[in-house]
Amino acid sequence: MRRVVSVLAVAAVLGLGGCGYNDFQRLDEDTKASWSEVINQYQRRADLVPNLVNTVKGFAQQEQQVLIGVTEARARVGSIQATPQLLNDPQAFAKFQSAQGELSSALSRLMVVVEKYPELKSDANFRDLQAQLEGTENRITVARNRYIKSVQDYNVLARSFPTNLTAMMFSYAVKPSFSVENEKAISTAPKVDFGASPAPAPQPAPAAPPAKQ
């Protein structure tokens, strides 16, 4: 009897107009694809860190504290298994956010240190790494925004009636997204623009000589 009731309940849900089952399938795949691109771009950044640290070390060995900070932040990022299952675990997702935010902050501190070493900023290898890092940070922003949008679409479906009944029936839980606090921290790319120094402020014109009496 219970099985019959369960079957009837499922049939009733699926019989509702716009039950959303196929939409859940589509949006779930969209979030996974968007997440894969986020991970891909974060991995590109992590892969740049060792060469970046070694290049800076060659010119600024005395900046050990900053260099160690970047290396340790990169290690914490690498210790997190960013699998698709992480999308359904808010605590694990928050840990991932925190680790990426720490790496962003560490890279920002490193770039501030670099400003003190003109010979490093003019090094060809460093400038190539700088360009790669800048491009990667931009791609991270794009990928993260796409993920946020795909999660928003999915979560709206999961919370709306009658598709929320389908969500409960098939265990489609709301997915975590980047928090406001973390978004503020990681959406600011490290400063990597080492263009010409700003022009000095114009000096006031000399005062005119007093008029002759």
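Assess whether Val70 counts as being at pLDDT 95 or above and open to solvent by less than 20 Å² (accessible area, probe 1.4 Å).
Details: at pLDDT 95 or above: yes; open to solvent by less than 20 Å² (accessible area, probe 1.4 Å): yes.
Yes; evaluated as a whole, the condition is true for this residue.
Could you tell me whether any residue of the stretch 125-135 is of a type in the set (Lys, Arg), over 18 Å from the mean Cα position of the chain (by Cα) and open to solvent by 70 Å² or more (accessible area, probe 1.4 Å)?
Going residue by residue through the stretch 125-135, those that are of a type in the set (Lys, Arg) are 127.
From what's left, over 18 Å from the mean Cα position of the chain (by Cα): 127.
Imposing the further condition that a residue be open to solvent by 70 Å² or more (accessible area, probe 1.4 Å) reduces the set to 127.
The answer is yes, given that some residue of the stretch 125-135 is of a type in the set (Lys, Arg), over 18 Å from the mean Cα position of the chain (by Cα) and open to solvent by 70 Å² or more (accessible area, probe 1.4 Å).
Would you call Leu107 part of a helix (DSSP H, G or I), in contact (Cβ under 8 Å) with a residue 60 or more places away in the chain and open to solvent by less than 80 Å² (accessible area, probe 1.4 Å)? Write out each step before concluding.
Numbers: part of a helix (DSSP H, G or I): yes; in contact (Cβ under 8 Å) with a residue 60 or more places away in the chain: yes; open to solvent by less than 80 Å² (accessible area, probe 1.4 Å): yes.
Yes, satisfied.
Hey, can you tell me all the residues within the stretch 168-186 that are surrounded by 15 or more Cβ atoms within 10 Å (Cβ to Cβ), farther than 17 Å from Leu87 by Cα and at pLDDT below 90?
Hits for the stretch 168-186 are Ala185, Ile186.
Checking the structure you have, find out if any residue of the stretch 120-143 is closer than 19 Å to Ser36 by Cα, touching an Asp or Glu at 6+ places or on another chain (Cβ under 8 Å) and in a helix (DSSP H, G or I).
Checked against the condition, which is being closer than 19 Å to Ser36 by Cα, touching an Asp or Glu at 6+ places or on another chain (Cβ under 8 Å) and in a helix (DSSP H, G or I), the stretch 120-143 yields at least one hit.
Which condition from (1) at pLDDT 90 or above; (2) among the hydrophobic types (A, V, I, L, M, F, W, C); (3) part of a loop (DSSP other than H, G, I, E, B); (4) open to solvent by less than 60 Å² (accessible area, probe 1.4 Å) is the one that Leu165 breaks?
Result: Leu165 passes all but (3).
Please enumerate the residues belonging to the stretch 81-104 that are in contact with a Phe, Trp or Tyr (Cβ under 7 Å, 6 or more places away or on another chain) and either surrounded by fewer than 15 Cβ atoms within 10 Å (Cβ to Cβ) or aromatic (Phe, Trp, Tyr) (or both). Full working, then the answer.
Kept after step one, since they are in contact with a Phe, Trp or Tyr (Cβ under 7 Å, 6 or more places away or on another chain), are these residues of the stretch 81-104: 82, 84, 86-87, 97, 100.
Across the stretch 81-104, the qualifying residue is only Pro84.
Give all pairs with beta carbons closer than 8 Å in which a residue from the stretch 24-53 that is closer than 26 Å to Asp153 by Cβ meets a residue that is outside any helix (DSSP H, G or I) and open to solvent by 70 Å² or more (accessible area, probe 1.4 Å); count only pairs at least 6 apart in sequence or on separate chains.
Here the result reads Phe24/Phe170, each pair linking the stretch 24-53 to a residue that is outside any helix (DSSP H, G or I) and open to solvent by 70 Å² or more (accessible area, probe 1.4 Å).
List every residue pair whose Cβ atoms sit under 6 Å apart, with the two residues 6 or more apart in sequence or on different chains, where the first one lies in the stretch 68-95 and is within 21 Å of Met111 (Cα to Cα) and the second, anywhere, is among the polar types (S, T, N, Q) and open to solvent by 70 Å² or more (accessible area, probe 1.4 Å).
Close Cβ pairs (under 6 Å, with a partner that is among the polar types (S, T, N, Q) and open to solvent by 70 Å² or more (accessible area, probe 1.4 Å)) do not exist here.
Looking at this structure, is Thr55 open to solvent by less than 20 Å² (accessible area, probe 1.4 Å), of a type in the set (Val, Ile, Thr) and more than 20 Å from Val114 (Cβ to Cβ)?
Judged against the criteria, Thr55 is not a match.
The values are calculated or read from the model by the stated rules, or taken from the named source; none is laboratory data. Just so we're clear, the structure is a prediction, and the values are computed from it rather than from any experiment. All Cβ positions, even for glycine, are placed from backbone atoms using ideal geometry, and neighbour counts span all protein chains on display. Side chains are part of the model used for accessible areas, which takes the heavy atoms of the whole protein and leaves out ligands, DNA and RNA. Shrake-Rupley method; radii C 1.70, N 1.55, O 1.52, S 1.80 Å.
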